[in-house]
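The values are calculated or read from the model by the stated rules, or taken from the named source; none is laboratory data. Keep in mind that this is a model prediction, so the values were computed, not measured. Every residue, glycine as well, gets a Cβ built from its backbone with ideal geometry; the counts of neighbours run over all protein chains shown. To get the accessible areas, we keep the full protein, side chains included, count just its heavy atoms, and leave off ligands, DNA and RNA. Shrake-Rupley method; radii C 1.70, N 1.55, O 1.52, S 1.80 Å.
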Amino acid sequence: MYVELKDINKTYAGYQASNHVSFGIEQGRLIALLGPSGSGKTTILRMIAGLETPDSGTIDGLKNLKISAVFQEDRLLEGYDVLTNLRFVCRQRLSDAELSAYAATLLPQNALSQPVCEFSGGMKRRLSLLRALLVPFDLLILDEPFNGLDSENRKKAAALVRNRAQDKILLFAAHTKEDAALLGAEILCPFDSYCSV
């Protein structure tokens, strides 16, 4: 598997969100797309996910790839509990006990029966990660996946991501090199000289 972006450009109302971006990522690589806020990281991820279309340039290698993603906003079933949220995306036949054990890798056991609307921002983020990692995927897209997590939970979440993304393509957006280091990811910086500072 190999995904390649060639000379991608995207403009919104006169704002250049992506400017001649080109790079390739292959199976088994963990790539951190590093750049400041507003540099176009989210736009690139949305184009790879098929949610936006480049104004010019091409994205090759996506045909028949199964994609899972976590974007900056948590897209959860707020009125339902953890297991219902997981089962909503789960294509495997997993028992409640199996789903509970999986959820407990990132969430406290006593929270599993609570409605998600009662969760803190960090707990919602962890559930979003759990959902994305439960879906069968070839390409995993994560947009600032550790936002709102304390140090301990960032480490737990990063370990789970590394485990589930083995032999897949992982592309995630980050602000800092520390986020890249959490996943042991290579840094890719197609945004001017940001990575050199």
Unique match (being touching a residue at least 24 places away in the same chain (Cβ under 8 Å), on the phi < 0 side of the Ramachandran plot, touching a Ser or Thr at 6+ places or on another chain (Cβ under 7 Å) and of a type in the set (A, V, I, L, M)) among 149, 160, 182, 139: 160
Verdict on residue 80 being of a type in the set (Phe, Trp, Tyr), within 25 Å of residue 147 (Cβ to Cβ) and either at pLDDT below 90 or open to solvent by less than 30 Å² (accessible area, probe 1.4 Å) (or both): no
Single residue of 143, 167 found to be buried (at least 20 other Cβ atoms within 10 Å of the Cβ), acidic (Asp, Glu) and under 30 Å from residue 35 (Cβ atoms): 143
Test for residue 113: is it loosely packed, with under 13 Cβ neighbours inside 10 Å and either touching a residue at least 12 places away in the same chain (Cβ under 8 Å) or in contact with a strand residue (DSSP E or B) (Cβ under 7 Å, 6 or more places away or on another chain) (or both): yes
Candidates 6, 10, 63 - the one that is assigned to a loop (DSSP other than H, G, I, E, B), over 30 Å from residue 123 (Cα atoms) and basic (Lys, Arg): 63
Candidates 107, 133 - the one that is outside any loop (DSSP other than H, G, I, E, B) and open to solvent by less than 30 Å² (accessible area, probe 1.4 Å): 133
Number of the condition not met by residue 28 [criteria: (1) in a strand (DSSP E or B); (2) within 20 Å of residue 180 (Cα to Cα)]: (1)
Count of the range 65-106 residues which are polar (S, T, N, Q) and under 25 Å from residue 18 (Cα atoms): 2
Residue that is of a type in the set (Gly, Ala, Ser) and either touching a Phe, Trp or Tyr at 6+ places or on another chain (Cβ under 8 Å) or open to solvent by 50 Å² or more (accessible area, probe 1.4 Å) (or both), where the choices are 97, 49: 97
